[in-house]
Amino acid sequence: MSRGKYYLPTLDGWRAIACSMVIICHGSISMGMPQLRDYFGVPGVDIFFGLSGFLITTLLLGQETRSGTVSLRSFYSRRVFRIIPAALLFLSVLWILRMFGLVEITTGRWVSALLFLANYSNAQQSWYVGHFWSLAVEEHFYLIWPATLLLVRSNRKRLALVLFAICFVDVWRMVDYKYHLTWSGSTDLWTHRTDIAADGILFGVAYALALADENTGSKLRKLLRSPFVLPLSIGIFVLTCVLPEHVGWKTSFLLLSLRSAVVPAMILATLSNPGSVVGRILEFKALRFVGLISYSLYLWQELFLPLEPLKGLTAIQWFPLNVALAVICAILSFYLVETPMIRLGQRLGGRKAKLVERTAAI
């Protein structure tokens, strides 16, 4: 696996870790380790969010530096061809399986996934598109942030705006839960809404903006290279994965916010220190390959790794066959759909942007 001109060390490895955490969560029952279920799923998605916020913002700022502006046409062309084709293939297979009675999914739920509105839809839930809540959060971010960055020209104002948005999301999450302003008791759907979960991406945005600032950038880079930041951030991340199950709701929400804040620091610490022990581990070829196919793997694992084997596909939903099938489908999707569609999006978008297409999506 070659390292291109735009390769950023350890990021493929982090995507592999994030996707593996989701697989461990969803496959915990079939693996005979149900106790792992509560500690891996959402934290893995938080790593994806932190990566996306940082990388998308870094791309946009780089384009602005080179050309003096941000091309929304170029950005959205690449994003559409990066995300939609693989997702459409997965949803098409689900629809065919539904026609044969092998999966249960209503038309409303399928359409909400297709339109990336799954985290706001009241349609009957289906396991097989349950993961589209996170893709919806990402797509909402892609729709709003580039235009916002284009309108707000000062990096300091952008950073102030993002920090305000983070505070708003964190406070709104607690107030809404406390006073039941919109929360009606369906905790899973509620916690997956963009207005409740957006801080995971926004912290990544804040780090990118801070690094781009002349005054704060040098100080932050120096801090990230410190040998203490990486072990400290990983330790905090692990604690925030475990402790919410054993504390009250107020502390639990604070820990969620802390995890969103520490994830980009954890990622950027290895990016700044790829020669560290953790950095070298993240650069293992096997991890880098899993990171490379992580978007397709994230899509297809849902079909084979339900928390409990479901009627219709039970025979292929037991470990280790389920994991093997998910990986095979992901590889086929990556090489037959993702790769050619990414190239098409790059051509239609004007300039090639290999950095983003390798790193920005789940």
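The values are calculated or read from the model by the stated rules, or taken from the named source; none is laboratory data. If you're wondering where the values come from, they're calculated on a predicted model, not measured in any experiment. Every residue, glycine as well, gets a Cβ built from its backbone with ideal geometry; the counts of neighbours run over all protein chains shown.
Observations on the model:
- Cβ-Cβ distances below 7 Å connect the following pairs, each with a first residue in segment 232-255 that is in contact (Cβ under 8 Å) with a residue 24 or more places away in the chain and outside any loop (DSSP other than H, G, I, E, B), a second residue that is charged (D, E, K, R) and buried (at least 18 other Cβ atoms within 10 Å of the Cβ), and a separation of six or more residues or different chains: Phe237/Arg259; Thr240/Arg259; Phe253/Arg173.
- Ile23 vs. criteria in a helix (DSSP H, G or I), within 16 Å of the chain's Cα centre (by Cα), of a type outside the set (D, E, K, R) and surrounded by fewer than 22 Cβ atoms within 10 Å (Cβ to Cβ): no
- Within segment 236-265, being of a type in the set (D, E, K, R) and either closer than 15 Å to Ala18 by Cα or touching a His at 6+ places or on another chain (Cβ under 6 Å) (or both) holds for one residue alone: Arg259.
- Count of segment 311-362 residues which are at pLDDT 90 or above and under 27 Å from Cys25 (Cβ atoms): 22
- The sole residue among Arg37, Arg66, Arg82 that is assigned to a helix (DSSP H, G or I), of a type outside the set (Gly, Ala, Ser) and without any contact (Cβ under 8 Å) to a residue 24 or more places away in the chain is Arg66.
- Selection count where residues are polar (S, T, N, Q), at pLDDT 95 or above and crowded, with 19+ Cβ neighbours inside 10 Å, scope segment 121-157: 1
- Scanning segment 100-109 for residues that are over 16 Å from Leu310 (Cα atoms) and either surrounded by fewer than 21 Cβ atoms within 10 Å (Cβ to Cβ) or touching a Pro at 6+ places or on another chain (Cβ under 6 Å) (or both) turns up Thr107, Gly108.
- Pairs where the first residue, in segment 93-109, is without any contact (Cβ under 8 Å) to a residue 40 or more places away in the chain and the second is part of a loop (DSSP other than H, G, I, E, B) and of a type in the set (Val, Ile, Thr), C-beta under 7 Å, 6+ apart: Arg98/Ile105
- One residue stands out in segment 311-326 among those that are within 24 Å of Phe100 (Cα to Cα) and free of Cβ contacts under 8 Å to residues at least 60 places away in the same chain: the one that is surrounded by the most Cβ atoms within 10 Å (Cβ to Cβ), namely Leu325.
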